[in-house]
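Worksheet for the structure shown next.
The values are calculated or read from the model by the stated rules, or taken from the named source; none is laboratory data. Keep in mind that what you see is a predicted model, and the values were worked out from it rather than measured. Because the Cβ atoms are built from the backbone with ideal geometry, glycine has one as well, and the counts that use them run over all protein chains shown. SASA here: full protein model, heavy atoms, side chains in, ligands and nucleic acids out. Shrake-Rupley method; radii C 1.70, N 1.55, O 1.52, S 1.80 Å.
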Amino acid sequence: MSSKSQLPYGERAKNHPNPLARKLFEIAETKKTNVTVSADVTTSKELLELADRLGPYIAVIKTHIDILSDLTPATTQELQALAEKHNFLIFEDRKFIDIGNTVQKQYHGGALHISEWAHIINCSILPGEGIVEALSKTAKAADFPYGSERGLLILAEMTSKGSLATGEYTRASVEYARKYKDFVLGFVSTRSLGEFDAEKEEGDFIVFTTGVNLSSKGDKLGQQYQTPQSAVGRGADFIIAGRGIYAVENPVEAAKQYQKEGWEAYLARTGQLSH
């Protein structure tokens with residue numbers, strides 16, 4: 001596991017070269033939460049209600065904005081306002097995977113205007129280094145107005161059964177992250193990826209782990225789950241929970257439970273848990 005992951009978020013924030021990473025760590029420390037809720041709902045009303053109700057207990061909300069059946073500019077404007085109100089970041093789980101010229105247009109323009117409202121985006125590196133370079137260049141352009149408030153996660157591993165995001169693919173993910181570390185926040189992965197840092201020029205990359213669920217081990221479509229304790233124990237800095245929160249009878253109580261267990265796992269990992 002990365003030695004940086006043994007440090008408290010506040011310590012990591014102090015020296016982190018990426019301003020969005022610093023902001024994320026500061027949110028986590030202030031609110032005592034490392035929970036990202038995956039709001040995979042299909043109407044703007046559901047999304048905004050979840051954001052407002054769960055906002056106090058989460059560090060990040062993860063969206064799939066293109067599954068909303070009634071998306072309008074007002075949806076993302078209201079989501080931004082709720083992010084300010086409750087102090088959380090917005091992560092659009094767009095999983096960019098195309099040539100550089102295309103992803104630049106998908107990110108900064110098009111129908112979704114993702115760069116205007118999403119603090120965090122992610123991509124697969126199947127197209128090669130060019131996709132990371134292109135997204136980084138967009139965010140670093142002189143006329144890009146959101147610069148230091150935007151960052152990228154590389155999809156280095158997936159939790160679905162039989163995922164091909166392994167081995168050399170994961171190793172290349174770490175290599176590209178190091179090369180573009182002023183824009184790349186870290187990874188979506190199932191664990192810390194320190195073992196792939198062949199040159200040991202360790203950066204402080206943030207690990208988001210999906211598929212965290214307290215009550216289920218999987219679904220019929222190949223999803224495999226971890227608990228907050230197992231995910232954080234394997235290196236997750238932020239746990240991503242979806243159906244285990246938004247699809248239960250009381251999402252607020254569920255979010256509080258994930259917040260409690262995720263935070264205790266973080267305190268245990270960093271040696272801060274009092275007995």
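Mind listing just one residue for me: the one in region 154-171 that is open to solvent by 20 Å² or more (accessible area, probe 1.4 Å) and in a helix (DSSP H, G or I) and, of those, modelled with the lowest pLDDT?
The residue in question is Gly167.
Can you find a residue in region 176-194 that is modelled with pLDDT under 95 and either farther than 24 Å from Gln6 by Cα or acidic (Asp, Glu) (or both)?
The answer is yes, given that some residue of region 176-194 is modelled with pLDDT under 95 and either farther than 24 Å from Gln6 by Cα or acidic (Asp, Glu) (or both).
In this structure, does Ser115 turn out to be surrounded by 21 or more Cβ atoms within 10 Å (Cβ to Cβ), touching a strand residue (DSSP E or B) at 6+ places or on another chain (Cβ under 6 Å) and part of a helix (DSSP H, G or I)?
no
Exactly one condition in (1) open to solvent by less than 30 Å² (accessible area, probe 1.4 Å); (2) modelled with pLDDT under 80 is not met by Val252; state its number.
Checking Val252 against (1) open to solvent by less than 30 Å² (accessible area, probe 1.4 Å); (2) modelled with pLDDT under 80, the one that fails is (2).
Among the residues of region 229-250, how many are among the aliphatic types (A, V, I, L, M) and under 20 Å from Glu157 (Cβ atoms)?
Result for region 229-250: 6.
Conditions tested, residue by residue: (1) closer than 21 Å to Pro251 by Cα; (2) touching a strand residue (DSSP E or B) at 6+ places or on another chain (Cβ under 9 Å).
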site: Gly10; (1), (2): no, no
site: Lys23; (1), (2): no, yes
site: Lys31; (1), (2): yes, no
site: Glu46; (1), (2): yes, no
site: Glu49; (1), (2): yes, no
site: Leu71; (1), (2): no, no
site: Ala74; (1), (2): no, no
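Report, by residue number, each residue of region 128-145 that is open to solvent by 60 Å² or more (accessible area, probe 1.4 Å) and of a type outside the set (D, E, K, R).
Once the filter is applied, which keeps residues that are open to solvent by 60 Å² or more (accessible area, probe 1.4 Å) and of a type outside the set (D, E, K, R), region 128-145 yields Ala142, Pro145.
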